[in-house]
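In what follows, a single structure is set out as structure tokens and then discussed.
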2 protein chains.
Amino acid sequence: MRSSMEMEGLAKIEHVGKPRVVIVGGGFGGLELAKALRDAPVQVVLVDKQNYHTFQPLMYQVATAGLEAADIISPFRQILKGQSNLCFRMAEVEHVDTTTHVLKTSIGLIPYDHLIIATGATSNYFGDAEMARHAVAIKSVEDAVELRNTVLSNFEKALQIDDVEQLNSLLDFVIVGGGPTGVEVAGALSELRKHVFPKDYREIDFRQMDIHLIQSGNTLLKGMSAEASQKALEYLQKFGVDVLLDRRVQSYDGYTVTLNTGEKLITRTLIWAAGVAGAPIEGIRPESLRKGNRYEVDTFNRIAGYTNIYAIGDIAAMVSAEYPEGHPMVAQPAIQQGRLLGENIVRMLAGNPLEPFRYHDQGAMATIGRNHAVADIKMLGKDYKTQGFFAWVMWVFVHLIALVGFRNRLSVFANWTWSYFSQERGSRFIMGKRRESVETTAKSAVA
Amino acid sequence: MRSSMEMEGLAKIEHVGKPRVVIVGGGFGGLELAKALRDAPVQVVLVDKQNYHTFQPLMYQVATAGLEAADIISPFRQILKGQSNLCFRMAEVEHVDTTTHVLKTSIGLIPYDHLIIATGATSNYFGDAEMARHAVAIKSVEDAVELRNTVLSNFEKALQIDDVEQLNSLLDFVIVGGGPTGVEVAGALSELRKHVFPKDYREIDFRQMDIHLIQSGNTLLKGMSAEASQKALEYLQKFGVDVLLDRRVQSYDGYTVTLNTGEKLITRTLIWAAGVAGAPIEGIRPESLRKGNRYEVDTFNRIAGYTNIYAIGDIAAMVSAEYPEGHPMVAQPAIQQGRLLGENIVRMLAGNPLEPFRYHDQGAMATIGRNHAVADIKMLGKDYKTQGFFAWVMWVFVHLIALVGFRNRLSVFANWTWSYFSQERGSRFIMGKRRESVETTAKSAVA
């Protein structure tokens, strides 16, 4: 049933007589674009289904009780206050009509002159519906909080279990995907196992808690240097993570993980960090979609087949000789594309020639745990590779700087400092949604 | 369906061969009791349905986006770590069998030698089921977060509304109950209206936003001094809150509030701060319950009719000439009873005579907004009354000191300092549950 509040007609947005730029999604790309248009002679309408921006690189810390959700999110109305040509609307996009230039949303129709799709990516289970149902993803803060609740609830439940297999199904974790998220979650769980949980759950023998990281290829952190991959593997092994290379997950029924090698693992918590795909919008011609549900765009981020519709960030695939699959689906390409597109819209309105996009790759980093990180840095045309304590300090520094808002930075800095010295984790709350374990008895029979 | 994990048999708790003291509820009273038994020759089992303690006096700030939920809660396993004679279990209590001395819980049976009921209080709608369905209470952090989500969602929706009545149904708030919670929520909403929302929602005319506070008696803050009540009223009126004294709410259908005077108010958000009642446990003989669902206890907090079952805090009514209805349902009596009962259990085990409870009333305070609070302080046998800036500074100081845990104190202090100078509120996130407005069209017809 549709409430009259969600009007069938136009959404109520002031008409200001300037070209209207509608941005769908306030992730790294959309937010940067909105800011870049601050002084442009346009009306900017930012549409997002949440009222806050999420700093995705630290989401894994929310999932592992290191940070609070509020530390890594920031309300759009706070970030963009004082930008007088911008109007934010919290709404879900349902459809776009590209002939009449109108976006259909949960709060009504929004006509646009320029439309930018910055909807990012979502988990890709490659069509495995059973996996999608049982696995836990970390694509939103709500996901991260749910994972945290699930992990902590597992331990509360484990206190009541005698049966060894049942106990291990709760204590063991399987992480699928050896990219930055998978590596970081595995590292964070191993720290919880070593420093935090043994104090919280004295009755549990933590030698029983296994952390398995499954990677389809033969290296972790694909795309980073061989040194980074190697060191990440060494660190994880040193922290007692069971890294299974060259394996794929064939099936998961919520209890038994079956690998392509025939190996079986038992866990109630499989964390999916293996693949993402773009989150396209209905109404854009399907021919514009490439592999992984990303829109094919030209060097000005225009979607193939349109003159006033653009895609930036994870949802955009700007194919080149150097990047035959498009740019990596991380923050930097999104930010850089958002900024340039903002400048190009200003150029376009002034009748000036546009600037094609060129990606400035600044490198990549991943942290495995306290004092342990790997970093490949590109600076002034040179490549620097470093692993260990210095890389970790750099990781901390870079992430604090990049966080939106003085308030978040302060809070995260305080949290990290406290955690570093106390070896504690502050956010060990079970609050809100959690995965309920599947029926134990039935599952035992299956296993 | 009952999972085999929730065993029909005994909950798995180590048997240590010492008298077992089972505490149900980790609020102010239960937590203080657990701590007081730190060195006692007993096994302490603390049972709570949450894995965290809640600092209730600041809950209203979570509801009004001033603090994050994590700022006012603290995990039991963190607070009580290192207390080797204590074991925490997250579980719901279903029933107590007072003849076999066994507590039935969601994780199994827990035998006890001494049972302490510290379950606190819950909202009392005096049997009005319609009110219970439509009103929003602030009795848990999850309630508070839901209220925050609802308030913020109202404003997001209001941006789409032209109809004046519909608009007011979203922008106006009715708070029922002029005790500390009602007064503090009303004050906090008036600050949001003045300093925060006008920047967030520039399209809304905030002269349309009304805050009504309904009090059944002829003074606010019943139980505090006449000066405090009078100043609280003045401050609220200065902040533009419509205080309606000597009124009762007759009915609320989710849209129209009808008062006993026949007056009608329109709102989608009625905040219930009018009454609480104890949260009793099944299996305790009903004759032990007094008005307001509180267990009648003697001066040693023993429930009438039992020798090894006690009640402390809000759920206990220790009737005396000075307190014919039992002590006020606030933190201090709970803390003091918890502490003394702990000491008395030690005395009892040593065969020493018990100490009867005597309440040390330290006074009461309430804050109405930035720089405005009222305080009645009892110190060294003297009464001090103060209102305004000094009372506010004292309120801030007392609440920071009382907060559990260095980490919470630091975070709250940082938040408050930032809010004070920026006139901002940090936690303006809509995340998780919110009340969905009832069907607009239908309600318009009703109104």
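The values are calculated or read from the model by the stated rules, or taken from the named source; none is laboratory data. Only a predicted model underlies this, so the values are computations on that prediction, with no experimental measurement involved. Every residue, glycine among them, receives a Cβ derived from its backbone with ideal geometry; neighbour counts consider all protein chains shown. These accessible areas exclude ligands, DNA and RNA; they are computed on the full protein's heavy atoms, side chains included. Shrake-Rupley method; radii C 1.70, N 1.55, O 1.52, S 1.80 Å.
Could you please give the count of residues in the stretch A:29-48 that are of a type outside the set (Gly, Ala, Ser) and either part of a helix (DSSP H, G or I) or at pLDDT below 95 (or both)?
Step one: filter the stretch A:29-48 for residues of a type outside the set (Gly, Ala, Ser), giving A:31-33, A:35, A:37-39, A:41-48.
This time we only want the ones that are either part of a helix (DSSP H, G or I) or at pLDDT below 95 (or both), so: A:31-33, A:35.
So the count comes out to 4.
Considering only the stretch A:285-312, how many residues are open to solvent by 40 Å² or more (accessible area, probe 1.4 Å), under 22 Å from the mean Cα position of the chain (by Cα) and among the hydrophobic types (A, V, I, L, M, F, W, C)?
Number of matching residues: 1.
What number goes with the only condition from (1) closer than 30 Å to residue A:93 by Cβ; (2) open to solvent by less than 10 Å² (accessible area, probe 1.4 Å); (3) under 21 Å from the mean Cα position of the chain (by Cα) that residue A:280 does not pass?
Evaluating residue A:280 over (1) closer than 30 Å to residue A:93 by Cβ; (2) open to solvent by less than 10 Å² (accessible area, probe 1.4 Å); (3) under 21 Å from the mean Cα position of the chain (by Cα) leaves (2) as the failure.
Working only within the stretch B:392-416, note down all residues that are more than 14 Å from every other protein chain (Cβ to nearest Cβ) and either over 22 Å from the mean Cα position of the chain (by Cα) or closer than 20 Å to residue B:53 by Cβ (or both). Full working, then the answer.
Kept after step one, since they are more than 14 Å from every other protein chain (Cβ to nearest Cβ), are these residues of the stretch B:392-416: B:392-402.
Selection gives B:393, B:398, B:399, B:400, B:401, B:402.
Checking the conditions here, which among A:228, A:274 is surrounded by 18 or more Cβ atoms within 10 Å (Cβ to Cβ) and within 30 Å of residue A:421 (Cβ to Cβ)? Write out each step before concluding.
On the way: A:274 fails: within 30 Å of residue A:421 (Cβ to Cβ).
Exactly one of A:228, A:274 is surrounded by 18 or more Cβ atoms within 10 Å (Cβ to Cβ) and within 30 Å of residue A:421 (Cβ to Cβ), namely A:228.
Within the stretch B:193-205, is even one residue away from chain A (no Cβ under 12 Å), more than 29 Å from residue B:389 (Cβ to Cβ) and not polar (S, T, N, Q)?
Looking through the stretch B:193-205, at least one residue is away from chain A (no Cβ under 12 Å), more than 29 Å from residue B:389 (Cβ to Cβ) and not polar (S, T, N, Q).
Just to confirm my filter: which strands (runs of 3 or more DSSP E) fall fully inside the stretch B:237-294 and include at least 1 residues that are free of Cβ contacts under 8 Å to residues at least 12 places away in the same chain?
Of the strands (runs of 3 or more DSSP E) lying wholly inside the stretch B:237-294, those with at least 1 residues that are free of Cβ contacts under 8 Å to residues at least 12 places away in the same chain span B:249-252, B:256-259, B:264-266.
So residue A:90 passes all but one of these: (1) at pLDDT 95 or above; (2) open to solvent by less than 30 Å² (accessible area, probe 1.4 Å); (3) touching an Asp or Glu at 6+ places or on another chain (Cβ under 9 Å); (4) within 11 Å of chain B (Cβ to nearest Cβ). Which condition number does it fail?
With (1) at pLDDT 95 or above; (2) open to solvent by less than 30 Å² (accessible area, probe 1.4 Å); (3) touching an Asp or Glu at 6+ places or on another chain (Cβ under 9 Å); (4) within 11 Å of chain B (Cβ to nearest Cβ) applied to residue A:90, the lone miss is (2).
Test of understanding: among A:62, A:96, which residue is surrounded by 22 or more Cβ atoms within 10 Å (Cβ to Cβ), within 30 Å of residue A:186 (Cβ to Cβ) and either more than 11 Å from chain B (Cβ to nearest Cβ) or touching a residue at least 12 places away in the same chain (Cβ under 8 Å) (or both)?
A:62
Just a yes or no: is a residue in the stretch B:70-79 open to solvent by less than 30 Å² (accessible area, probe 1.4 Å) and more than 22 Å from the chain's Cα centre (by Cα)?
no
Among the residues of the stretch B:51-58, is there at least one that is open to solvent by less than 30 Å² (accessible area, probe 1.4 Å), hydroxyl-bearing (Ser, Thr, Tyr), more than 23 Å from the chain's Cα centre (by Cα) and within 14 Å of chain A (Cβ to nearest Cβ)?
no
If we scan the stretch B:290-304, do we find a residue that is of a type in the set (Phe, Trp, Tyr) and over 30 Å from residue B:254 (Cβ atoms)?
Yes, the stretch B:290-304 contains at least one residue that is of a type in the set (Phe, Trp, Tyr) and over 30 Å from residue B:254 (Cβ atoms).
Restricting attention to the stretch A:110-138, report how many residues are among the basic types (Lys, Arg) and at pLDDT below 90.
Total meeting the criteria: 0.
With the stretch A:300-404 as the region, which strands (runs of 3 or more DSSP E) entirely inside it contain at least 1 residues that are under 25 Å from residue A:234 (Cβ atoms)?
Fully inside the stretch A:300-404 and qualifying: A:363-369, A:372-379, A:382-388.
Would you mind finding the one in A:82, A:26 that is within 25 Å of residue A:336 (Cβ to Cβ), at pLDDT 95 or above and part of a loop (DSSP other than H, G, I, E, B)? Break it down stepwise before answering.
Values: A:82 fails: at pLDDT 95 or above.
Selected residue: A:26, the only one of A:82, A:26 that is within 25 Å of residue A:336 (Cβ to Cβ), at pLDDT 95 or above and part of a loop (DSSP other than H, G, I, E, B).
What is the number of the single condition among (1) open to solvent by 40 Å² or more (accessible area, probe 1.4 Å); (2) touching a Gly at 6+ places or on another chain (Cβ under 6 Å) that residue A:377 does not meet?
(1)
Would you point out the residue of the stretch B:41-50, among those that are open to solvent by 10 Å² or more (accessible area, probe 1.4 Å) and not basic (Lys, Arg), that is farthest from the other protein chains (Cβ to nearest Cβ)?
This residue is B:41.
Return the pairs, sorted by first residue and then second, in which the second residue is small (Gly, Ala, Ser) and open to solvent by 60 Å² or more (accessible area, probe 1.4 Å), the first residue lies in the stretch A:327-350 and is touching a residue at least 12 places away in the same chain (Cβ under 8 Å) and over 13 Å from residue A:27 (Cα atoms), the beta carbons are less than 8 Å apart, and the residues are 6+ apart or on different chains.
These pairs meet every condition: A:328/A:223.
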